[in-house]
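The numbers here are math on the coordinates, done by the rules we state, and not lab data. Since this is a predicted model, take the numbers as computed values, not measurements. Reconstructed Cβ throughout: ideal geometry from the backbone, glycine too, with neighbour counts over all protein chains shown.
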Amino acid sequence: MAVHAETPWRWIGRVFLWLVPAFAAWHFAAGLLAAAQAALATAGVNVWFPGLVEDWTRADAALDFVTRIQARAGGRLADLVFPVNARVYSYGIALFVALCLATDPRRWIGLLVGSGVLIGLAGWGVAFDLLVQVFVSQGGLAARDYLPTGLERNLIGLGYQVGSILLPTVAPVVAWGCVHRAFLARWTGI
């Protein structure tokens, strides 16, 4: 099939057809993706706030981060656990896969590299979701052990907005554009 002879509408139709299997694969891979996101988020959070995350557990795409922050409940001391839904940050991977397969299903290297980058960006979203919960939602409890500066609080808020709004939607399209520059150039003349 000659790419230059097709219309944008045919390509858009293929994208929509590929969305169904791409989202099905993303749904079934959610547990593995969540594990990667949790590992990346834990590493990033612990670099910024050393020792904050002690451990994490996963049930499918539902992550629970065990922190060093402790609270008293009923006379007992307990570590605070913060839940994060990893799917909120990784759905763009399915969009990227659909865009790539609709454009040229033979470009596996670009698809794999782009997916890896998007998994890292999804880890960003998980990390900042956790940080917002710790330092905004439960800031009083966290302040005993960790006291972020005003600038750090603003960076956490910005990172959360970028990770939850921009990265899941814009990053897959940008990654697809990077992988398929020649395809875009044929249609746009750029």
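For the chain, the relative contact order works out to 24 percent when only alpha carbon pairs closer than 8 Å and six or more residues apart are counted.
Counting other Cβ atoms within 10 Å as a rough exposure proxy, the listed residues 90, 115, 137 run 137, 115, 90 from fewest neighbours to most. Converting the Cα gyration tensor eigenvalues of segment 28-102 into ellipsoid dimensions via √(5λ) gives semi-axes, longest first, of 31, 13, 8 Å.
The helix-only estimate of mean residue ellipticity at 222 nm for the chain, built from DSSP H runs of length n ≥ 4 each weighted as -39500 (n - 2.57), is -19500 deg cm²/dmol after division by the residue total.
Calculated FRET efficiency, residue 188 to residue 138, Cβ-Cβ distance, R0 = 41 Å: about 0.30 to the nearest 0.05. Which residue, 154, 11, 92, has the largest displacement toward the positive end of the dipole of segment 3-188 when charges sit on each Cβ (Lys, Arg +1; Asp, Glu -1)? Checking the options against the dipole of segment 3-188, the answer is 11. The spread of Cα positions in segment 78-190, taken along each principal axis and listed from longest to shortest, comes to 57, 28, 17 Å. Among the trypsin sites (Lys or Arg not before Pro) found in segment 107-190, those both in a DSSP coil and sparsely packed, with 10 or fewer other Cβ atoms within 10 Å of their Cβ, are 144. Between residue 155 and residue 68, the C-beta separation translates, for a Förster distance of 30 Å, into a calculated FRET efficiency of about 0.90.
Of the Cα atoms belonging to the chain, the radius of gyration and Dmax stand at 19.8, 73 Å. When only alpha carbons are used to place a centre, segment 1-77 and segment 110-170 end up 13 Å from one another. Charge dipole (Cα centre; +1 on Lys/Arg Cβ, -1 on Asp/Glu Cβ; no other charges) of segment 3-188 amounts to roughly 400 debye.
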